[in-house]
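Structure first, commentary second.
Coordinate-derived values only; no laboratory data. Computed from a predicted structure; not experimentally measured. Don't worry about glycine lacking a Cβ; one is built from the backbone with ideal geometry, like all the others, and counts go over all protein chains shown.
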Amino acid sequence: MSEELAPEQIKLIHKLNIFKIKGRDKRGRKILRIIGKNFPAKSLNVDLLKKYLEVKVFPKLERSFVVVYIHTDVHKSENFPGISALRSTYDAIPITVKQHLEAVYFVHPDLQSRLFLATFGRFIFTGGLYAKLKYVSRLGYLWEHVRRNEISIPEFVYDHDEDLEYRPMMDYGLESDHPRVFGAPAVDSSVASYSMRCIS
């Protein structure tokens, strides 16, 4: 791992506001908010990311905390770091920090992420973290655990949440979120119907 943090990488991570420790949940635990959409998977060196977490984030998590991970608008080709990077980053988390993590609220999980975690979650996230994972399909469910004024949520997350309220099939990847089909029925083909049968 690099001995020093590259200033440009620090500035990039700060500017993108990927990680933010602010506020407490309804049980008084610190909140680490992570915005998945902002993660520059193609340009950010994993070793530098781990060093950044080691220096800037982990020291602030010396007591019980929760993670609010916002998965809205995460796409594999753009901002998903990959399985090996996830495992490497997770392995770099000190045991004391892992012990203090009490819950991970996974906001707006899509079908791909659910399948991925169901398949690889137990292998990647050892030590009981997988059991702490809680899917949060709507922001309304997040407010059951976190007060709204305790966490900053980007506007695009609220927009997506509103879309999901009116078009719930987007939750499972059965409906395109392309603007041209906004008014189209949620299921209008035999392929989509077959996909729904597979899920149910």
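Before moving on, here are some points about what is shown:
- In loop segments of region 1-66 as defined by DSSP, the GluC sites (Glu not before Pro) with at most 10 further C-beta atoms inside 10 Å of their C-beta are 3, 4.
- Binning the alpha carbon pair distances of region 84-150 at 10 angstrom intervals from zero yields the distribution 18, 46, 32, 4, expressed in whole percent.
- Calculated FRET efficiency for the pair residue 63/residue 83, C-beta based, R₀ 45 Å, to 0.05: 0.90
- Over all other residues within a Cβ to Cβ distance under 12 Å of residue 26, the charged ones net out to +2, with Lys and Arg as +1 and Asp and Glu as -1.
- Neighbourhood net charge (11 Å Cβ-Cβ; Lys/Arg +1, Asp/Glu -1) for residue 74: -1
- Charge tally around residue 134: other residues with Cβ under 11 Å, Lys/Arg +1 each, Asp/Glu -1 each, net -1.
- Mean separation of Cα pairs under 8 Å and 6 or more residues apart, divided by the residue count, gives region 1-158 a relative contact order of 25 percent.
- Only Cα sites of region 3-86 enter the Debye sum here, all with the same form factor; the resulting log10 I(q)/I(0) across q = 0.25 1/Å is -1.34, listed in q order.
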